[in-house]
Amino acid sequence: MSFVKETVSSAKVIASLIPVVFRAVASRPSEDEVDNIGLRLAGTAARYPDKTAVIFEGESISWGELDRRASQVAHFLHDRGVEPGDCVSLLMENRIEFLALFFGIVRAGAIASLINTNLRGLQLVHCITTTRAKTLIFGGELTEAVAEVKGDCNLTEAEDFLWVADGDSGIQPNWAVNFDALVKGSDPMPENVVPATIRKDPAIYIFTSGTTGLPKASIQKHNRLISGMDAGSNIGIKIVADDCIHICLPLYHATGLMVGFGPALHAGATVFLRRKFSASHFLEDVREHGCNTFLYIGELCRYLLAQPEKPDDSDNPLVKMTGNGLRPDIWMTFKNRFGIERIVEFYGASEGNTGFINLFNRDCTVGTTIIPPSLIEYDVGSDTIVRDAAGWCKRVAKGEPGLLLGPITAASEFEGYTDKEATEKKILRNVFKEGDAYFNTGDLVKAVDAGFAFGMKHYQFVDRVGDTFRWKGENCSTNEVGEIINQHSSVQICNVYGVEIAGTDGRAGMAAIVLHEGQAFDSEAMSVLIVRDLASYARPIFLRILQELPLTGTFKLQKGDLREAAYHPDKCSDTVYVLKPGRDRYEMLDEVYYEQIISGQAGY
C-alpha cells in the first residue's frame with residue numbers, strides 16, 4: 001500500500017513539474033536579452049507595491065519601498081561616477097539596508113562584491129582589492145574591521161569608503177562618507193538612465209574558499225541568479241506570494257541571497273530576516289510572524305535539536321524548508337519533532353556547474369539532477385584521483401562514493417573566478433577521453449536507493465576531500481589557514497586538516513605545527529595571530545605540536561595519518577592545544593575536556 005501511495009505522490013510531483021519544465025525549455029531566454037535582477041525587483045514591486053517584503057528587528061518594508069530605496073542608491077552611485085561593469089564592495093550584516101544597497105548596486109549596472117562579515121586583516125584586504133572595487137560600502141557595525149585595513153585597500157579616505165549607520169549606534173568615522181545622509185536626498189534613478197544590463201552580464205562576486213590560497217571571487221551572472229530564483233520558486237521550495245520565509249543565513253552567501261531571498265522576490269512573498277541565527281528564539285519568531293518556510297544549513301538544524309524538547313514543538317506554521325547539509329542521522333528526528341512536511345535539500349557550489357535538488361521529498365538525500373554528473377574513484381588516504389593504466393579516470397562501482405565531477409558543456413558552463421589561474425585549477429581535463437573537461441567539486445558523493453522515483457538516481461553527500469574542511473557552514477581552505485599560521489616567527493611549517501567533533505556537522509580545523517629549532521610554543525602570541533587574522537569559523541580548534549611533519553612519497557604534506565590520529569590521546573602522544581567555544585586563547589587539552597568533547601558536551 002505504501003508503494004502505491006509513494007508512486008501516486010511521485011506521479012503528482014512529476015505531473016506538476018512537466019508544464020513548468022516545458023515552459024522553461026520552450027521559452028529559454030537568450031543571454032543577450034535585457035533582463036537582470038534589478039528589473040526583477042521592479043517587476044515584483046509593480047505587482048505588490050504595498051505588500052510586506054521584509055520584516056527585520058521590529059521594522060518592515062514593502063516591495064514598493066524597497067524598490068524605491070534601491071533606485072535611490074543606484075542614482076547616487078551613478079552620480080558619483082560608478083559605471084556599468086564597475087565593482088562595488090558591500091560589507092554588511094543582514095539587515096534591510098543590505099538589500100536596498102545590493103539591488104541599488106546592480107541596478108546601476110555595477111557588480112556587487114559581497115564580502116563575508118567575519119573576515120579581518122589580510123583576508124578582508126584581499127577581497128576588496130582583488131576585484132578592483134571602485135568603492136566600499138560598509139555597515140557601521142563593521143567600522144572597526146575596516147579601520148584596521150583601510151590603508152591597504154587601494155581606496156581614498158573620505159571619498160571611497162561609504163559608511164551606513166546601524167540604527168542609532170555608532171559614530172561616523174572621519175575617514176568615511178555618511179552614505180545615509182547623502183542617499184536620502186537622492187531621487188529615484190530615471191528610467192532612461194538605468195543601464196540596459198543583459199542576462200549574461202556579471203551581477204555579483206561571491207567569495208569562495210577553495211583548495212588553495214586566499215578567498216576567490218566567483219562570477220555570478222544575472223542569468224544564473226534569475227534562473228535560480230525562478231527554479232526555486234517554481235519547482236524547488238515552491239514559494240508563493242502568501243508565504244513567509246525565515247532567513248537567518250548571511251545574505252553575502254549564495255544560499256541566503258539566491259536560494260532564500262531570490263524565490264521570495266520572484267513570488268512576492270514575505271521574508272522574516274534575522275541578523276544572526278538564534279536557536280532559543282526560533283519557534284517564537286516562526287509563530288509570531290507566521291513563517292511557513294525555513295532556509296537552513298544542517299548545523300542550524302542540529303542546534304535546534306539541542307534545545308530542550310517541548311510537547312508543542314510541532315505546533316508551528318512551518319511546513320517546508322530548503323537548504324543543504326541536513327545529515328541523515330538527524331533528518332527524520334528533525335522532521336518529526338517540528339512537524340515538517342517537505343524538505344527540499346539541495347547540493348551545489350555557488351560557482352559550480354552541477355548540483356542536486358530533492359524535488360520528490362525523498363528523505364535523507366540531496367535529491368536528483370537533470371544533467372548526469374560523473375563519480376570517479378578517489379584515494380582518500382593518498383589524497384589523489386585514481387587512474388587506470390592508460391591514464392583515464394575510473395568511474396566508481398554502484399553505491400560507492402566517488403569524487404563528483406560536473407561536465408563542462410554549452411548547457412553546463414563553468415563561469416569560474418575573476419582569477420583565471422584559479423579557474424583553471426578547478427577544471428579537470430582528459431578525464432575519460434582526450435579533450436574533455438569537468439568541474440572538480442572537491443566533494444565525495446554517492447548514489448543511493450531512494451525508492452520509486454521514475455528511475456532517477458538520488459544522491460547523498462559524503463565528505464569534502466583534499467585541502468578543504470567545512471565548519472559552521474563555511475568551506476575553509478587549509479592552505480589559507482596554514483599561510484596565516486606560518487607567518488608566526490616561531491613556526492617552521494604547519495599542516496592544516498579537518499577533524500570530527502562529536503555532535504557537530506562538518507570538520508573542525510586542526511593544525512599540526514613544527515617549530516623552528518630552539519623555539520618554544522607561545523600560546524598567547526599564536527592565539528593573538530589566529531584570532532586577529534582568521535574568521536571565527538576558520539580558526540583551528542586544535543593545535544598539535546610536532547617535531548617533524550610526515551611527508552608523502554612525493555614530498556607533499558601527509559594529512560591521512562594526522563586526520564586519523566586527530567586529537568585523540570591514544571593515537572597522538574604530542575602536546576595538543578584547544579580553542580574552547582567563546583574563548584580567544586588556546587589552552588592545553590587535558591583529559592577532562594577531552595572527555596567532554598568525545599561525549600558531545602563541549603559546546604561546539
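Between the residues 465, 393, 416, the greatest Cα displacement towards the positive end of the dipole of segment 371-466, with unit charges on the Cβ of Lys, Arg, Asp and Glu, is found for 393.
Helical runs assigned H by DSSP (4 residues or longer) give the chain a calculated mean residue ellipticity at 222 nm of -8000 deg cm²/dmol, each run adding -39500 (n - 2.57) before division by the residue total.
If you restrict to DSSP beta bridges whose two residues both lie in the chain, what percentage is antiparallel, to the nearest 5? That works out to approximately 60 percent antiparallel. Expressed to the nearest 5 percent, the antiparallel share of DSSP beta bridges inside segment 19-276 is 35 percent. Our note on the geometry: Cα centres of segment 53-126 and segment 164-193, 11 Å apart. Highest average first, the peptides 259-266, 146-153 ordered by how many other beta carbon atoms sit within 10 Å of their residues are 259-266, 146-153. Computed from label points 7 Å out along Cα-Cβ, the spacing between residue 32 and residue 571 is 5.8 nm.
Taken as entire DSSP H runs, the helices of the chain that both span 27 Å or more between Cα atoms along their own long axis and average -1.0 or more on the Kyte-Doolittle scale are 2-26. Can you match Rg/Rh (Cα atoms, Kirkwood Rh) to one of these, (1) 0.95; (2) 1.06; (3) 1.09, based on a calculation from the structure here? Correct label is (1). Its convex hull of Cα atoms gives segment 19-276 a direction-averaged projected area, equal to a quarter of the hull surface, of 13.7 nm². Put in order of Cβ neighbour count within 10 Å, fewest first, the listed residues 230, 180, 315 become 315, 180, 230.
If the segment from residue 395 to residue 585 were pulled out straight at 0.36 nm per residue, it would be longer than the present Cα-Cα gap by 63.8 nm. Comparing 367, 560, 512 along the charge dipole axis of the chain, the residue lying farthest to the positive side is 367, per the Cβ-charge model.
What does the charge count near residue 82 come to, summing +1 for each Lys or Arg and -1 for each Asp or Glu among other residues with Cβ under 15 Å from its Cβ?
Result for the neighbourhood of residue 82: -2.
Taking the DSSP bridge list for segment 243-365 and keeping only pairs wholly inside it, about 15 percent are antiparallel.
Taking other residues whose beta carbon is less than 14 angstrom from the beta carbon of residue 121, and scoring Lys, Arg as +1 and Asp, Glu as -1, yields -2. Modelled spin-label separation between residue 371 and residue 502, with each label point placed 7 Å from Cα along the Cα-to-Cβ direction: 4.4 nm.
Cross-link reach is defined here as a Cα-Cα straight distance under 12 Å, omitting same-chain residues fewer than 8 places apart; for residue 559 the aspartates and glutamates meeting it are 383, 467. Under 1.5 on a/c is rounded, so check that first for segment 476-598, then, if it is not, pick prolate when a/b is larger than b/c and oblate when it is not; a ≥ b ≥ c are the square roots of the alpha carbon gyration tensor eigenvalues. Rounded shape, in that the Cα axes give a/c under 1.5. Excluding same-chain neighbours fewer than eight residues apart, the aspartates and glutamates reachable from residue 472 by a Cα-Cα span under 19 Å are 93, 299, 329, 345, 443, 463, 480, 500, 505, 533, 584.
The lysines whose alpha-carbon is closer than 16 Å to the alpha-carbon of residue 184, local same-chain residues fewer than 8 away aside, do not include any residue. Take the Cβ atoms of residue 596 and residue 336, set R0 to 25 Å, and the FRET efficiency comes out at 0.30.
For segment 259-308 versus segment 342-404, the spacing of their alpha-carbon centroids is 28 Å.
Each other residue within a Cβ distance under 11 Å of residue 470 adds +1 if Lys or Arg and -1 if Asp or Glu, for a net charge of -2. Over 28 Å apart at the Cα level, from the set 51/238; 216/457; 425/446, are 216/457.
All of the numbers you see were taken from the coordinates with simple rules; none came from a lab. Note that the structure is a prediction, hence the values are computed from the model and not measured. Positions of Cβ are backbone-derived with ideal geometry, glycine not excepted, and every protein chain shown enters the neighbour counts.
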